[in-house]
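What follows is a single structure, written as structure tokens, with notes after it.
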Amino acid sequence: MESDEEDGTFTNISLTDDTVDSGPAALYTKPETELFIMNCDIDGDLENQAEMEEKTRLINQVLELQHTLEDLSARVDAVKEENLKLKSENQVLGQYIENLMSASSVFQTTDTKSKRK
């Protein structure tokens with residue numbers, strides 16, 4: 001209840017579903033016969049507000065997921081580039097090692113039969 005300091009009356013606001021028994025909810029001053037300024041469907045407003053909050057929450061969640069997807073896509077692209085770079089480096093190193101092995105006498109194949117004779 002709220003107190004109106006000017007005339008000492010109270011305003012009653014019902015939070016229950018009064019629409020079934022008495023139609024739309026209404027605000028009344030202390031003398032129950034006077035209709036106060038507003039006559040509205042409180043439950044409808046609350047449902048509308050809840051729907052709007054839910055829509056806002058879902059939109060924010062979708063936007064957050066879109067940003068996450070963009071970040072993941074960028075990360076995948078970066079990893080692909082790094083993978084290609086590493087493959088290329090591995091090929092160069094493999095060729096270098098192969099060339100070193102062929103140039104070194106330690107890794108040369110020897111004919112054991114010809115050395116025994």
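No lab work stands behind these numbers, since they all come straight from the coordinates. Everything numeric here is computed off the predicted structure, so don't read it as measured data. Every residue, glycine as well, gets a Cβ built from its backbone with ideal geometry; the counts of neighbours run over all protein chains shown.
Would you mind calculating the gained length between Asp71 and Glu54 on full extension (0.36 nm times residue separation, minus the Cα-Cα distance), in nm to one decimal? List each step's numbers first, then the result.
Working: separation 17, 0.36 × 17 = 6.12 nm, distance 2.56 nm.
Gain on stretching Asp71 to Glu54: 3.6 nm.
Which distance in nm do the two modelled labels at Lys85 and Ala103 give, with both placed 7 Å along the Cα-to-Cβ direction?
2.7
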